[in-house]
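I have placed the structure first, in the form of structure tokens, so that the comments after it can refer back to it.
The values are calculated or read from the model by the stated rules, or taken from the named source; none is laboratory data. Being a predicted model, the structure only gives us computed values, none of them experimental. Quick reminder, even Gly has a Cβ in these numbers, built from the backbone with ideal geometry, and neighbours come from all protein chains shown. Note: areas computed on protein heavy atoms with side chains; ligands, DNA, RNA excluded. Shrake-Rupley method; radii C 1.70, N 1.55, O 1.52, S 1.80 Å.
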Amino acid sequence: MNRDDTQMKAVTIPEFGDAGVLRVGTVPIPAPGPRQVAIDVAYAGANFASVLVHAAAGGVDSQLGRRPVCWAGRVVGTVGSAARIDTAKGFGYDEVILRDRLADAGQFDIVVDMVGGPARRASLDRLASMGRLAIMGNASGAEDVGVPANELWFSNKTVSGFNLAAFAAAHPRRGGPGAAPCGGGHGQGGAAGTG
């Protein structure tokens, strides 16, 4: 909610259509009428997540900043050099930071990591309780970063892997070049750089 407690973020459906008609915005908080109750939903699939995307100027991750529906909350991208900040900002991220400044970025509900190495370990440290780390590559070429199961258990965090190329090969209609990402449009194939 906004600080004045009279407005809230919401996904609205202003017209008939596919997911492309959904709009994220601010609306007045509804007041319950007679014989109605208001329920404060703290955790739901439509919550407004804070998202961190590594390699924000790279191939696949450059598309994750364009998110009318994919992400509704704060979306921060990281890049490996100052020369890539303006490029990444052009992809729609709310904020773009240098990857080596990640410790100052706060916590995130979701982290998408295509870089690996030290960025992966730092990503785990930036995850909020109940946060999710999606591993989608190792563009840095660094050694694998082990994630102790007990650390995940004690901190209430989840790590998953997603290989876009393997998925697209196995499911060409769902993950190939013509697949529609959330929010509409056409998917982008190809490899990602370290953005």
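With respect to being within 15 Å of residue 99 (Cβ to Cβ), out of contact with any Pro (no Cβ under 9 Å at 6 or more places or on another chain) and surrounded by fewer than 14 Cβ atoms within 10 Å (Cβ to Cβ), residue 125 fits the description. None of 72, 19, 46, 88 is modelled with pLDDT under 85, within 18 Å of the chain's Cα centre (by Cα), open to solvent by less than 40 Å² (accessible area, probe 1.4 Å) and not aromatic (Phe, Trp, Tyr) except 72. Across region 26-37, not a single residue is classified as modelled with pLDDT under 75, among the small types (Gly, Ala, Ser) and either out of contact with any helix residue (DSSP H, G or I) (no Cβ under 7 Å at 6 or more places or on another chain) or within 15 Å of residue 89 (Cβ to Cβ) (or both).
So in region 136-148, with the set limited to residues that are open to solvent by 40 Å² or more (accessible area, probe 1.4 Å) and touching a strand residue (DSSP E or B) at 6+ places or on another chain (Cβ under 8 Å), which one is nearest to residue 51 (Cα to Cα)? Out of the qualifying residues, it is 136.
Apart from one condition, residue 151 fits all of (1) charged (D, E, K, R); (2) modelled with pLDDT of 90 or more; (3) open to solvent by 60 Å² or more (accessible area, probe 1.4 Å); (4) in a helix (DSSP H, G or I); the exception is (3). Note on region 75-85: residues that are touching a residue at least 60 places away in the same chain (Cβ under 8 Å) and open to solvent by less than 40 Å² (accessible area, probe 1.4 Å) amount to 3. Restricting attention to region 92-113 and to residues that are farther than 22 Å from residue 155 by Cα and surrounded by fewer than 21 Cβ atoms within 10 Å (Cβ to Cβ), the residue that is modelled with the lowest pLDDT turns out to be 92.
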